[in-house]
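This report refers to the structure that appears directly beneath it.
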Amino acid sequence: MILALETSCDDTCAAVLRDDGTIASNVISSQGIHDRYGGVVPEVASRHHLELVNAVVGDALRQADTDLDGIDLVAVTQGPGLVGALLVGIVTAKAIAATRGLPLAPVDHLQGHVAANFVGPDPFEPPFVCLLASGGHTLLARVEEYDGFEVLGRTLDDAAGEAFDKGARMLGLPYPGGPALERLAADGDPEAFTFPTAKNVAGLDSSFSGLKTSLLYAIRDLGEEETARRAADLAASYQSAIVRALVDRCERALDQTGLDRLTLGGGVAANGPLRAAAERLGANLHVPDRALCTDNAAMIASAARFVAPVAHPGYLQLDAYASGER
Ligand code: KG4
Ligand code: ZN
């Protein structure tokens, strides 16, 4: 069995994956503390990981009905992410592996999101196009194998989840903004306002900063009272622009690759209108369970099955990386 840890952002996660690829446990402890700051504060996140990580690992083992004697491999997210946060997971994983004489598999966080498709009640096999849209990343990947992917395009500025969060904040909604904005938008008219979808951005890249600015201008032009009265229309139109931008890139990616299988991942994959619009593309669509779409350690364990494990003492040199790939 694989014990995996994921601490790249603000969720402290541990999971146990069985040999046959079934999930024995998938524990996620979300740090509610960032709400009051309107976003994740890196130093606060690191401290909380440190406080939570041992208990979360303990829970993952207990729920999997095992202990460290039952573990054959330790896996951990190496990056990209917040370096201080990542280091808590890495140091913990090294300590567990070293004291037990186990090998350690360093996993790329984005490869983890892709590998979320390979586990769960309904696994999905390559080849497919994967749209990954969360608070930290927005990219389209061509996935032909289990151990890698080709980036077809990515956001040139904000991530899609960030666009949801910032738009929600401008409309006075709480963090994280995505779910709150989706709820408000349900009562609004998506065609009430016209927001840009960065159609001029070539290829499979995307951009959300212009959209954010146009919402800011719309709110300024309407004034406080009218903005409050038309908040649902603003939310629906803004959400519709994000969804159209994302689905347009998915459509282009399917065309370009000739593939007819599409998956959605990252927190934004929970968005109802996004799923509905992606379904209309006509490709074979797969969306992993919500708990596998947002940051979690089961996806890291899943990816670890296809990573060459590093033996002791080689992994003691492993360091976190903040961005890019290894
Ligand atoms: O994957 P995730 O939990 O964490 C990382 O950022 O890695 O993604 C969180 C992001 C937030 O920006 C949140 O606002 C967005 O996903 N999100 C949503 C929805 N649920 C979460 N965005 C749109 N609609 C939703 N229902
Ligand atoms: Zn993520």
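The values are calculated or read from the model by the stated rules, or taken from the named source; none is laboratory data. Just so you know, these numbers come straight off a predicted model, no measurement behind them. With ideal geometry, Cβ positions are generated from the backbone for all residues, glycine too; neighbour counts draw on all protein chains shown.
Worth a mention:
- Screening Ile242 against (1) modelled with pLDDT under 95; (2) within 17 Å of Leu132 (Cα to Cα) leaves a single unmet condition, (1).
- Scanning region 292-314 for residues that are surrounded by fewer than 16 Cβ atoms within 10 Å (Cβ to Cβ) and either in the same structural domain as Thr138 (by TED's automatic domain parsing) or not in a loop (DSSP other than H, G, I, E, B) (or both) gives a single hit, Gly314.
- Leading residue by the ranking (farthest from Met299 (Cα to Cα)) among those in region 137-189 that are crowded, with 20+ Cβ neighbours inside 10 Å and among the aromatic types (Phe, Trp, Tyr): Phe164
- Residue in region 195-207 that is in the same structural domain as Pro273 (by TED's automatic domain parsing) and within 30 Å of Asp19 (Cα to Cα) present: no
- Matching residues, region 277-320, being of a type outside the set (A, V, I, L, M), at pLDDT 95 or above and within 16 Å of His137 (Cβ to Cβ): Asn296
- Candidate set from region 178-228 (those that are within 24 Å of Gly266 (Cβ to Cβ) and of a type in the set (D, E, K, R)); member that is farthest from the chain's Cα centre (by Cα): Lys199
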